[in-house]
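A.B. asks: Input: one structure, supplied below.
The values are calculated or read from the model by the stated rules, or taken from the named source; none is laboratory data. Just so it is clear, the structure is predicted and the values come from calculations on it, not from any experiment. No Cβ is skipped: glycine too gets one built from the backbone with ideal geometry, and neighbour counts run over all protein chains shown.
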Amino acid sequence: MATSLPSGYSPAAHPLSPDDHGGWAVVASSIGLLFILTFACIRLWVRNPLRAKLYPNDIALLAATALATIQTILVIAAADHGLGKTSKLLGDSSQDTVDKIVYASDAIFLVALFLSKISVLLLELRMSPEKWHVMLTKGGLAACGAALLTHECQALYTRWIAVFCLDVAFELYIYAVILRMLIALQRNASKKMKATVMFSLRLPVIIFAAFRLHELSNFRTSTSPLFDGVLIVVWTQTELAYSLAAATIPILMPFLIGLNTGLGAFDRDNMIIQTQQDSSLNQRSGYGMHSMKRSHVSRVSQVETQIRGDNVMYKSSVVSPQADQRSVGSDDSTRVIIRKTVDVSFSPSAPYETTDM
């Protein structure tokens, strides 16, 4: 006996049942599209096209984002026409319509997937003018372009095996190119490690592609292809969304710095910048001994970095009161206070003597 819905409620667009799993495809596609658009907005915020130009890697990824949006719309349309339902719930005409929509979405999926790889290769091309690095990157770009134009396998499963092999090969190639550049780069190990981690976050794409190929192998013996093909669609959307998002990760540093609240751990450079900013704000507010001490440290650091000269004399003195003695400037602390002052004096050289001619 069917239960009636309360007033103001409508039935679910894609209810799940033992004979209908179309809702899985809709949910996976919707979440994937939200993921893709979020990272696309972050990329636009970082680049800010109103103040700076978009680079070729940005244009390639934005094109891939547009294609991924169209592909997601096609998947949802296929679910509306019967994707995920068993054969007994569909007619022959509905199956033909779904097959055509799925075929179109697969073609767009391949283009968007390889455009994301091209975007990363274009980013690597901008990172170094070294001869071999440029040659390797351009070789990868040429191979990606050729792969987009030469999918001629007739058998469905054989074609997707070829796509999987190319997918894995290009991901490993992209990672190998960046590793080669970083090994030859004369920078400290921590900065190299950050770049390595950022580019290594693309490697899970291989895992998603492997799950997709596994579902395709089970799909070959299916008696209800539209019903059993839902898991293929789920892994397809997962791989596409992660591939496009991972192409934006290497340029996220400005975005992450903008989210810095100043309450965590910092690098030394960030600490100096933050201290100078806080000291200027505290000078305007004019309260708190802690602010006064930070302002004093900031002014001393600015003097040391800005004043240069040949005839500079420094005079320093250290004042240490007795132990366990309290003072106003100690913040009620019983520890020994060491205060250092720096006096800077200049001895200008004598002016040049002039003689009457």
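A.B. asks: Among the residues of the stretch 32-54, is there at least one that is part of a loop (DSSP other than H, G, I, E, B), of a type outside the set (A, V, I, L, M, F, W, C) and surrounded by 14 or more Cβ atoms within 10 Å (Cβ to Cβ)?
C.D. replies: Quick first cut of the stretch 32-54, residues part of a loop (DSSP other than H, G, I, E, B) only: 48-54.
Keeping just the survivors that are of a type outside the set (A, V, I, L, M, F, W, C) gives 48-49, 51, 53.
Those still in the list that are surrounded by 14 or more Cβ atoms within 10 Å (Cβ to Cβ) too: none.
The answer is no; no qualifying residue exists.
Let's see how each residue does on (1) modelled with pLDDT of 85 or more; (2) closer than 30 Å to A25 by Cβ; (3) of a type in the set (S, T, Y):
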{"position": "L121", "(1), (2), (3)": "yes, no, no"}
{"position": "L141", "(1), (2), (3)": "yes, no, no"}
{"position": "T150", "(1), (2), (3)": "no, yes, yes"}
{"position": "T196", "(1), (2), (3)": "yes, no, yes"}
{"position": "P204", "(1), (2), (3)": "yes, yes, no"}
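A.B. asks: Turning to a different aspect of this structure: Quick one: L166 ticks every box in (1) within 29 Å of Y55 (Cβ to Cβ); (2) surrounded by fewer than 16 Cβ atoms within 10 Å (Cβ to Cβ) bar one, so which box is it?
C.D. replies: The failed condition is (2).
A.B. asks: While we're here: Any idea which of T221, T236 is in the same structural domain as T158 (by TED's automatic domain parsing), hydroxyl-bearing (S, T, Y) and part of a helix (DSSP H, G or I)?
C.D. replies: It is T236.
A.B. asks: Scanning the stretch 81-98 for residues that are part of a helix (DSSP H, G or I) and touching a residue at least 12 places away in the same chain (Cβ under 8 Å), which turns out nearest to the chain's Cα centre (by Cα)? Let's see the steps before the verdict.
C.D. replies: Here is the first cut: in the stretch 81-98, the ones part of a helix (DSSP H, G or I) are 87-89, 92-98.
If we keep only those that are touching a residue at least 12 places away in the same chain (Cβ under 8 Å) too, we end up with 87-89, 94-95, 97-98.
Working: S87: 42, K88: 44, L89: 43, S94: 40, Q95: 39, T97: 37, V98: 34 Å.
Result: V98.
A.B. asks: On to the next question. When you look at K117, is it part of a helix (DSSP H, G or I), in the same structural domain as M181 (by TED's automatic domain parsing) and at pLDDT below 80, yes or no?
C.D. replies: Details: part of a helix (DSSP H, G or I): yes; in the same structural domain as M181 (by TED's automatic domain parsing): yes; at pLDDT below 80: no.
So K117 does not fit the description; no.
Okay, residues lined up against (1) aliphatic (A, V, I, L, M); (2) in contact (Cβ under 8 Å) with a residue 24 or more places away in the chain; (3) not in a helix (DSSP H, G or I):
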site	(1), (2), (3)
V134	yes, no, no
A142	yes, no, no
A147	yes, yes, no
A162	yes, no, no
V168	yes, yes, no
Y173	no, yes, no
V177	yes, yes, no
K192	no, no, no
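A.B. asks: Looking at S222, S190, which one is surrounded by fewer than 16 Cβ atoms within 10 Å (Cβ to Cβ), of a type in the set (S, T, N, Q) and over 30 Å from D19 (Cβ atoms)? It would help to see each step written out before you state the result.
C.D. replies: Numbers: S222 fails: over 30 Å from D19 (Cβ atoms).
Going through S222, S190 in turn, the sole match is S190.
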